[in-house]
Amino acid sequence: MTNDSRHHAETKDEYYMLDYVKDHKSDYDYYVKQHHYENNDYFTTYSYYCNEHKNDYDKYLVDHKNDYDHYITAKDQYNSESYTQDHKSDYDYYVKQHKYEGNDEYTNCTYYCNEHKQDYDKYAKDHKNDYDNYSTTKNEYNAQNYAQEHKNDFDYYVKQHKYEGQDPYTNFTYYSNDHKQDYDKYLTDHKNDYDQYVGHNTATTGTDMTHHDTSWIV
């Protein structure tokens, strides 16, 4: 039986559970196999896992208390920029008509979306997973590039943990999580790499990382 339940969080609680699981992916994957939860709804299993690690999860919530608000802001910015790109001619005319050329781009996107609120709300609903898809693909891209820059150590890590038969992106995530401090610095230093790779500033639904080059993996 294939688990075809949704992957994207729809509430604040689901957002935090999903992020906690991502930060503990190797242990979570072991937990799922150990309890034979492979066919459960994802968020049901995330809830089980967080409850099993309640003290640590509660500390995680305190340490990351502002993450969800930052996520909502980033998602709104992504959607508004995507919407204005889809209506570029009208948006450009709007900016010139109101003499907004000197404004911050995101401010103008917000003004435009507010002026077209009913249509924008429909757009945001129809494209509700676009930002999450973009973020997932960006994370996969960064994790793969980080592993590639540390290829010898990554190859040793995979063999040491007997991860050879796993999905490459699972291994990239394990490796990045186990080198979190260095990986976080890498993300800061390379924060624009993915957007430059896909040829957009921010707004894109992402590329299919299953076709990204993994030929370098042993």
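Quick note: the coordinates plus some simple rules give every number you see, no bench work behind them. The model shown is predicted, which means the values in this text are computed figures rather than measured ones. As a convention, Cβ positions derive from the backbone with ideal geometry for all residues, glycine included, and neighbour counts pool all protein chains shown.
Here are the numbers for the structure shown:
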| read-out | value |
| --- | --- |
| Of the GluC sites (Glu not before Pro) in region 86-190, those whose Cβ has at most 15 other Cβ within 10 Å and which sit in DSSP loop | 101, 164 |
| Length released on extending from residue 93 to residue 30, taking residue separation times 0.36 nm less the Cα-Cα span | 17.2 nm |
| Given [x] 19.9, 62; [y] 16.2, 50; [z] 17.1, 48, the label whose value is Rg and Dmax of the Cα atoms in Å derived from this model | [x] |
| Helix 67-86 vs. the chain, principal-axis angle (Cα, 0 to 90°, nearest 10) | 50 degrees |
| Kirkwood-type radius of region 80-165, with distances r between different C-alpha atoms, in Å | 16.2 Å |
| FRET E, pair residue 8, residue 167, Förster distance 25 Å, beta-carbon r, rounded to 0.05 | 0.85 |
| Region 67-126: projected area of the alpha-carbon convex hull, averaged over directions, in nm² | 4.2 nm² |
| Label-reachable residues, region 122-141, where backbone N falls under 16 Å from a point 7 Å from residue 67's Cα toward its Cβ | 132, 135-136, 139-140 |
| Largest-first principal axis extents, alpha carbons of region 31-82, Å | 43, 27, 12 |
| Set of lysines near residue 99 by C-alpha distance (under 25 Å), chain-local residues within fewer than 8 positions excluded | 88, 117 |
| Ratio of Rg to Rh over region 130-211 (Cα coordinates, Kirkwood Rh, two decimals) | 0.99 |
| Sparse-neighbourhood loop sites, trypsin sites (Lys or Arg not before Pro) in region 128-192 - DSSP loop, at most 14 other Cβ within 10 angstrom | 128, 162, 191 |
| Calculated FRET efficiency for the pair residue 152/residue 190, C-beta based, R₀ 22 Å, to 0.05 | 0.65 |
